[in-house]
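Read through the structure below, which is laid out as C-alpha cells, and then see the notes.
The values are calculated or read from the model by the stated rules, or taken from the named source; none is laboratory data. Computed from a prediction, not measured in an experiment: that's the story for all the values here. Here Cβ is always computed from backbone atoms with ideal geometry, including for glycine, and neighbour counts include all displayed protein chains.
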C-alpha cells in the first residue's frame, strides 16, 4: 500500500484490499484515524509481521471496529490484534489456526467472532470473558469439547459448532437462554446413554478437601501451605441439588439426554461427586444407576425450552 | 386426446424480463419443469438488478420475497452469509427451483426417512452449484440441505416455489424425526418485514 495513504485520505472509513495478494499490512495504515472497517480477505497474510507494529497505540488501533482476515494463512491469531480494544467484529475464517489464545479476552468490545474453517482443537475458557459476544462461529474445525465456562456468554445469540469432533456438550449450555441458533450437525454426538464406568476413588487429599468444604471447617491462609490453600479454592459444586457436596479431581461423568423444543435430543455431560449422586436431569425415580434413556419433565427440559429456537439438524 | 405440451426455449435478458416470462408461463394450464429451469438458467445474474432484495442477516440466511406470481408461485432471493446453512427440509408437495446469483451453494440430497425411522438419515448425493446454475427438486426426488460452505464469500440464490407454501418439515439428520415449521420473509418486495410474533425459523 502506498506510503502516503493516511495523508491523502485522512477521512477514509472503509478499506477493502481483499484479493490483492498482499503479504503484509504495513505501517501506512496506522495513521488513518477514521478507518473503522478493514477487509483484507483472500490475501497472503499470515507470516510474523503481517500486521503493523504499534497497532495498539496508533489512531487505527482506536478506530477499527471491523476486521476481516478470512482466507489468509494465519497459523496463529496475530498478537498485534489483541491491542484493538474497540474491535467489534473479527473474522479469521479459512486460515490455518490451531488454537485460540487465552488473551483473546482482551478484545473487550468483540461482538462477532468468525473462526470457522481452521484446525482448532480446543477452546480456551477465557473466551467466555468477552461480555458482548453475540455471534460465535467455530464450525469446520477439530474441536472435541466445549468448556462449560462458555455458558457465561450471556449475550450469545448464535453459536455455530457444526462439523467438529464433539461427542457431547456441557450441561451448562442450558444457561444460554438468549441463544437462538445452535448448529451441531456433523459431530459424532453420542446417541445412547453413556456412563463412565471407570471411577477413580478420591485421594486422601481430596477426601480431606471435601470434608473441609462441606463441613465448613474454618481455615486461614496462614494455617496451610500455599498450594493447599489454592487447592481448596478449586472445589466444584456437585450439580445434584440434593447433594450439596463438592469434588476436586475425582468425579463421575455421566451423559444424559435433554429434549430441545420437544424434538431434538442433545447429550449433555454431567459431573457428579460420587456414584451415589444423581444429576438434576434424572427422573423422579432417583436411581443413578438407571440406564433409562427416557427424558423426563424436569428443570433441565424447562431450561432447554427457554433456549428459544435452537437450531440443530 | 392429449397434445404434448409445446416447450420453447426462453431467454431472459434481465430480472424483470424473467419475471414477466414466468408470469406468462404460469398463466397456462400446464407448466413444464424443463422450460422453467432453462429459463431460470438463461438469466445471467446482474447484481444491479437484484441488490435491492439482497438483505443479509448476521446470524442466519434470509428469505426475501421478490414476486408473488399472482398466487401461482413465489419468487424470492435468499442471502447466505459465510457458513450459513439450512436444515434438511421437504417442499410441501411443491416444485422448487434454485438458481445461484452469486457465490456457491452446496446441496446435499437425502432419502426420505423410514416410517418408523430411528437412525441416521441416508445421504443420496451432494454437489456444489456454481453461479447461474439452476437446480430443481420436489418431494418425489427427496429432501435436501442447502449451505454456503465458504468461510470467505457470501452467496445469493433465486428461488421459485410453485405452488407457494409457508410451512414445511425439517428433519433431524441423526434420527430422521421431522418437525413442522413455519417459514417467514425477512423482507418483501425490497422492504424489511420483521415478524412481530414469536417465530420459529427452520433449524439447521
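Among the residues of segment B:112-129, not a single one is in contact (Cβ under 8 Å) with a residue 60 or more places away in the chain, over 29 Å from residue A:167 (Cβ atoms) and within 14 Å of chain A (Cβ to nearest Cβ).
Quick one: which residue in A:43, A:68 is over 26 Å from the mean Cα position of the chain (by Cα) and assigned by the TED database to the domain that holds residue A:98?
Every option except A:43 fails the conditions.
Just a yes or no: is a residue in segment A:156-175 crowded, with 21+ Cβ neighbours inside 10 Å, away from chain B (no Cβ under 14 Å) and in a loop (DSSP other than H, G, I, E, B)? No: segment A:156-175 contains no residue that is crowded, with 21+ Cβ neighbours inside 10 Å, away from chain B (no Cβ under 14 Å) and in a loop (DSSP other than H, G, I, E, B). So residue B:179 ticks every box in (1) closer than 30 Å to residue A:69 by Cα; (2) assigned to a strand (DSSP E or B) but one. Which box is left unticked? (1) is the only condition that residue B:179 fails. Within segment A:75-96, being within 14 Å of chain B (Cβ to nearest Cβ), crowded, with 20+ Cβ neighbours inside 10 Å and out of contact with any strand residue (DSSP E or B) (no Cβ under 8 Å at 6 or more places or on another chain) holds for A:94, A:95.
Flag: residue A:109 does not match the condition of being at pLDDT 95 or above and either assigned to a strand (DSSP E or B) or crowded, with 16+ Cβ neighbours inside 10 Å (or both). Regarding residue A:64, is this residue more than 14 Å from chain B (Cβ to nearest Cβ) and in contact with a helix residue (DSSP H, G or I) (Cβ under 8 Å, 6 or more places away or on another chain)? So residue A:64 does not fit the description; no.
Given the condition at pLDDT 70 or above, within 14 Å of chain B (Cβ to nearest Cβ), outside any loop (DSSP other than H, G, I, E, B) and touching a helix residue (DSSP H, G or I) at 6+ places or on another chain (Cβ under 9 Å), answer yes or no: does some residue in segment A:261-280 qualify? Yes, that holds for at least one residue. Taking the criterion of being away from every other protein chain (no Cβ under 14 Å), modelled with pLDDT of 95 or more and in a loop (DSSP other than H, G, I, E, B), would at least one residue in segment B:152-161 satisfy it? Within segment B:152-161, none of the residues are away from every other protein chain (no Cβ under 14 Å), modelled with pLDDT of 95 or more and in a loop (DSSP other than H, G, I, E, B). Checking each residue in segment A:112-142 for being within 18 Å of residue A:158 (Cα to Cα), in a loop (DSSP other than H, G, I, E, B) and within 14 Å of chain B (Cβ to nearest Cβ) picks out A:115, A:116, A:117, A:132, A:133, A:134, A:138, A:139, A:140, A:141.
Against the definition (under 20 Å from the mean Cα position of the chain (by Cα) and surrounded by fewer than 18 Cβ atoms within 10 Å (Cβ to Cβ)), how does residue A:148 come out, yes or no?
no
Residue B:133 meets each of the listed conditions (1) within 22 Å of residue B:63 (Cβ to Cβ); (2) over 14 Å from the mean Cα position of the chain (by Cα) apart from (2).
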